[in-house]
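Input: one structure, supplied below.
Please treat every number below as a calculation from the coordinates, not as lab data. Just so you know, these numbers come straight off a predicted model, no measurement behind them. All Cβ positions, even for glycine, are placed from backbone atoms using ideal geometry, and neighbour counts span all protein chains on display.
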Amino acid sequence: MSTIDANTNGNSVRWTERGQYDLERRVADFAAQTISVCDALPNKLGSLHIKDQLFRSSTSVAANYAEASVPESRKDFIHKMNIALKEIVETRMWLRIIMLRNYLDNGQLESLIGETDELAKIFHTSIMTARKRLADESGS
C-alpha cells in the first residue's frame, strides 16, 4: 500500500491510495526523526544516557502502535495503545531535557515536541473510543 503526501496548511498529511489517513506512516516518520536527533547528540556522559532513552522510547512508540494495528482483541488494542501513549509522553520529556541542555537547535526539537503532543492526543482519543466500545459490548 503506498501513500500520498499532501501539504495542508503547512502540515504534511499522509493518505493511502484508498483515501485513508496513514497514522502508521506518521508514527514511523516521527521515530525516524527522533533517531536523527539521537545521531546528532554529542558523545558526553549526560547526553549518552538521554540518547539511549530517547532511542528506546521513540522506537517503542512505533513498535507498539504497529502491534496495536493487529490486535488479538479490543483489550489488547487498548493495552498496546496505552503503552504507545506512555512511550510518547516519555519521549516528549527526553526532548524537553535536550532543549533545556541546549544540545541541539531548538527549532527541530520544538517541532518534534509538537508532534508528541498531537500523537498523544490521537492515542488518547483512540484509547477512550476503544474503552467506550468495549464497555458497550460488555453491556449488550
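Tell me, Val89, Val70 in order of fewest to most beta-carbon neighbours within 10 Å?
Fewest to most other Cβ atoms nearby, the residues stand as Val70, Val89.
A further question follows. At q = 0.09, 0.17 Å⁻¹, what base-10 log of I(q)/I(0) does the Debye formula yield for the chain when every alpha carbon is treated as an equal point scatterer in vacuo?
For the chain at q = 0.09, 0.17 Å⁻¹, log10 I(q)/I(0) is -0.31, -0.96.
Take the range 47-94, drop everything but the C-alpha atoms, weight them equally and run the Debye formula without solvent; then report log10 I(q)/I(0) at 0.17, 0.30 Å⁻¹ to two decimals.
Scattering profile of the range 47-94, log10 relative to I(0): -0.47, -0.97.
Another question, if that's okay. Which of the peptides 94-101, 46-53 is most tightly packed, and how do the rest follow, judged by the mean count of other Cβ atoms within 10 Å per residue?
94-101, 46-53
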